[in-house]
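Q: This is the structure I want to talk about, given as structure tokens.
What follows is calculated from the coordinates using simple rules that are stated; it is not laboratory data. It should be emphasised that the depicted structure is a prediction, and the values quoted were computed from it without experimental measurement. Backbone-built Cβ (ideal geometry, glycine too); neighbour counts: all protein chains shown.
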Amino acid sequence: MTTGNLTSAGLVLLSGLPGSGKTTLARLLADLLPADHFESDAVRFELSGRPTYHPAESAKVFATIEQRAATSLAAGRVAIIDATNLTGRDRRRFVRLARNRGVPLVAVRLVAPEDVIRARLEMPRKGFSEATEAIYDQMKLRAQPFTMPALVVDTRYPLEPSLSLVRRLLEAN
């Protein structure tokens with residue numbers, strides 16, 4: 001797959017349950033484009049040290065991510081939003097940001113069969129995620145369908161075709 005810089009800004013909005021592969025795809029995509037990767041779990045640890053997942057903490061995390069993504073877009077870069085973004089309300093601020101900045105938005109919903117996700121969540125985790133199967137069970141009840149076009153990526157399979165497609169979608173706009 002070729003690498004290099006895109007000539008304009010864009011926003012990639014990832015959505016998926018814990019263990020679906022969001023951070024893995026985001027890291028690969030950030031290297032490919034290159035892009036700025038905004039991982040909610042990393043920002044949460046940066047801001048609080050010991051996350052409580054309280055609504056006020058979450059509000060601060062997502063306000064920070066939105067501000068950082070806006071700065072990235074203003075600099076003409078691609079911003080990757082790496083968070084569960086399970087509800088329309090969760091996604092709305094980033095959709096609005098892309099619209100207000102006049103940049104292309106590529107929504108990507110990451111999926112995998114439940115048994116695959118559970119196996120991933122049982123393994124030691126790299127990075128900042130503290131997700132467990134119990135958290136997965138709670139969050140899967142919140143998931144809402146997209147009301148806009150979204151690329152669906154089954155992360156059981158090689159990610160290279162999906163990475164290439166995201167790049168082409170950003171370039172096409």
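Q: What nm value, rounded to one decimal, do you get for the distance between Asn100 and Asp137 when each label is placed 7 Å out toward the C-beta?
A: Distance between label points: 3.9 nm.
Q: For the range 1-132, with only Lys/Arg (+1) and Asp/Glu (-1) charged at the beta-carbon, what is the dipole magnitude about the Cα centre, in debye rounded to 20?
A: In debye, rounded to 20, the range 1-132 gives about 400.
Q: Could you work out how far the C-alpha centroid of the range 108-144 sits from that of the range 148-164, in angstrom?
A: 17
Q: Using a basic spin-label model with each label point 7 Å from the Cα along Cα→Cβ, how many nm lie between Thr64 and Asp31?
A: Those two pseudo-labels are separated by 2.6 nm.
Q: Using a Förster distance of 35 angstrom, determine the FRET efficiency expected from the C-beta separation of Arg89 and Glu46, and round it to 0.05.
A: After rounding to 0.05, the efficiency reads 0.90.
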